[in-house]
Amino acid sequence: MSSTHRGTGSGPERGGGTDPAPGRRGGLLRTKTVEESIRDTEEPEHALRKSLSALDLTVFGVGVVIGTGIFVLTGKIAKETAGPAVALSFVVAGLVCALAALCYAEFASTVPVAGSAYTFSYASLGELPAWIIGWDLVLELALGCAVVAVGWSGYVRSLLDTAGVHLPQGLSGTHEGTFGFDLLACVLVLALTAILVVGMKLSSRVTSVIVGIKVTVVLLVIIAGAFFVTGANYEPFIPPSRATEGGDGLAAPLSQLVFGFTPADFGVMGVFAAAAVVFFAFIGFDIVATAAEETRLPQRDVPRGILGSLAICTVLYVAVSIVVTGMQKYSELSTDAPLADAFKAVGHPFWAGLISFGAAVGLTSVCMILLLGQSRVFFAMSRDGLLPKLFSQVHPRFGTPYRSTVALGVVVAVVAGFTSIDELAELVNIGTLFAFVVVALGVVILRRSRPDLPRSFRTPLVPFVPALSVLASLWLMLNLPAETWLRFAVWMLLGFVVYFAYGRGHSRMNSRTNGRTGRG
């Protein structure tokens, strides 16, 4: 695998002439060449064990994307924004993700190194942009995992209540102004952290079982719900447009504050407005790229895993949205548990219980894979010296970055224990879209700066596809509230402080640029 890159990168005819140039670029935009990234993965103390296949990666992708969104978001957005045309909103959101996925696939097959968008940015845009995107991903994945763990806890408490088992209020989390600690969310994160430390193969086996159960439940719901579909419920498929007042102040979408654009529900614009919301349901497919370094044949299998998981999830989302809007008139759907309540409305509460079970099981894999992705980004940044080197040590027996996994797992567990689900989840959206923009730009830049690199997967129609990905991602970002942008800016500002106070001086590229031996 890596010999191909080394041979291309070190030969006097091609790599010898192009390798030093990008890496020697100094200052904040100094880049780390693909060859240097590959060599770093071969250092014994930093080498991750390669055990994953294309099937494992596809399972990871489906495991993290299919969560509560498929059971809740479909009906909620149908009722409030798009009507039965929410199926088209999922298609639009899926196409936006597909554009980004094509860019991720090229990068992951060209630079099969842990870190995903962080590593890709380091090879194309430079150290400071790479740090920014890495800092962004740490927040995105940590916050996402904490929010998912809290959601999982709610489902499990509901199932326990049904069985007659009740947790003390103080251990059930913070609800409606009452302070408490969410014991179940904390325990879940710690248990999944232990599984990730033991090894990727065990993690993939656990995930495979969970995803198998989750997808089975989804398919059963689709098949069972199809028998209760009434054609009249689809009329009108695209309800008449209805202007909305939007939010006030910082709660308003940024597009409204900057351009004076008034958002609308329903109609054609409602379909696109809904796409910006249901995009949240697709978040996670890019995490497949963080496992590239632990894949046996990354050049072939990572693109398959990314694109395959995205295709499967899009089909499932569209099918569920068609079923739920066909079972019950979109205007009558509930917003808390629309799919479950739709089955209750047609006199089949058993399926409602099955949906709750499927959601609880499904969120387990979502939480695990978010932890996986976060620890690999943190590991890659530590290996490059931008974070303390102790976090890039690999366990001698399990071959996993155990220190970064444990440290981040404990932090997320504590955050999950004291976090209630609120608008903070929107930070996950903006962080992911920002990563999409950076990766798309990086593909174009690396095509120009390193045309000699072997690319087993090539994004089609460059630069048009990356440009469309950037524009689509920016458009979705503009639909997010201004307060989300403000929180994001504060986190980024903190990241700049950490970089200039620690990362810049300790960077291994700083040592290499100055002609010294790396610190690692």
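Readers should treat all values here as calculations from the given coordinates under stated rules, not as data from a laboratory. From a predicted model like this one, the values you see are computed outputs, not experimental measurements. Cβ placement follows ideal geometry from the backbone for every residue including glycine, while neighbour counts extend to all protein chains displayed.
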What range in the chain is the longest one free of GluC sites (Glu not before Pro) that are in a loop by DSSP and have at most 16 other Cβ atoms within 10 angstrom? 246-422
Lys and Arg at +1, Asp and Glu at -1: add these up for the other residues within a Cβ distance under 11 Å of Ile287 and post the number. -1
Please work out how much length the chain gains when fully extended from Val315 to Val198, using 0.36 nm per residue of separation minus the C-alpha to C-alpha distance, in nm with one decimal. 38.8 nm
What percent does the relative contact order of the range 51-513 come to when contacts are Cα pairs within less than 8 Å and at least six residues apart? 36 percent
Net length gained if the chain between Leu461 and Leu29 were fully extended (0.36 nm per residue, minus Cα distance): 152.8 nm
Charged-residue dipole, Cβ positions (Lys, Arg, Asp, Glu), the chain about Cα centre, Debye nearest 20: 1840 debye
Amide H of Leu52 versus every other amide H placed in the peptide plane: which residues, excluding those fewer than 5 positions away on the same chain, fall under 5 Å? Thr295, Arg296
Could you rank the peptides 209-220, 149-160 by their average count of other C-beta atoms within 10 Å per residue, with the highest value first? 149-160, 209-220
For the pairs Lys32/Lys201; Lys76/Lys201; Lys50/Lys76; Lys32/Lys214, flag any whose C-alpha to C-alpha distance is greater than 32 Å. Lys76/Lys201; Lys50/Lys76; Lys32/Lys214
Computed from the beta carbon distance with a Förster radius of 30 Å, FRET efficiency for Ala226 and Leu95 to the nearest 0.05 stands at 0.75
Please arrange Tyr402, Tyr502 by counting, for each residue, the other beta carbons lying within 10 Å of its beta carbon, fewest first. Tyr502, Tyr402
FRET efficiency estimate (nearest 0.05) - Cβ-Cβ, Asp452 to Leu474, R0 25 angstrom: 0.20
Can you figure out the FRET efficiency of Ile238 with Leu486, using R₀ = 45 Å and their beta-carbon distance, to the nearest 0.05? 0.85
Which order do peptides 223-231, 362-370 fall in by mean Cβ count within 10 Å, highest first? 362-370, 223-231
Which of (1) 72, 48, 42; (2) 70, 59, 51; (3) 92, 53, 41 gives Cα extents along the principal axes in Å as computed here? It is (1)
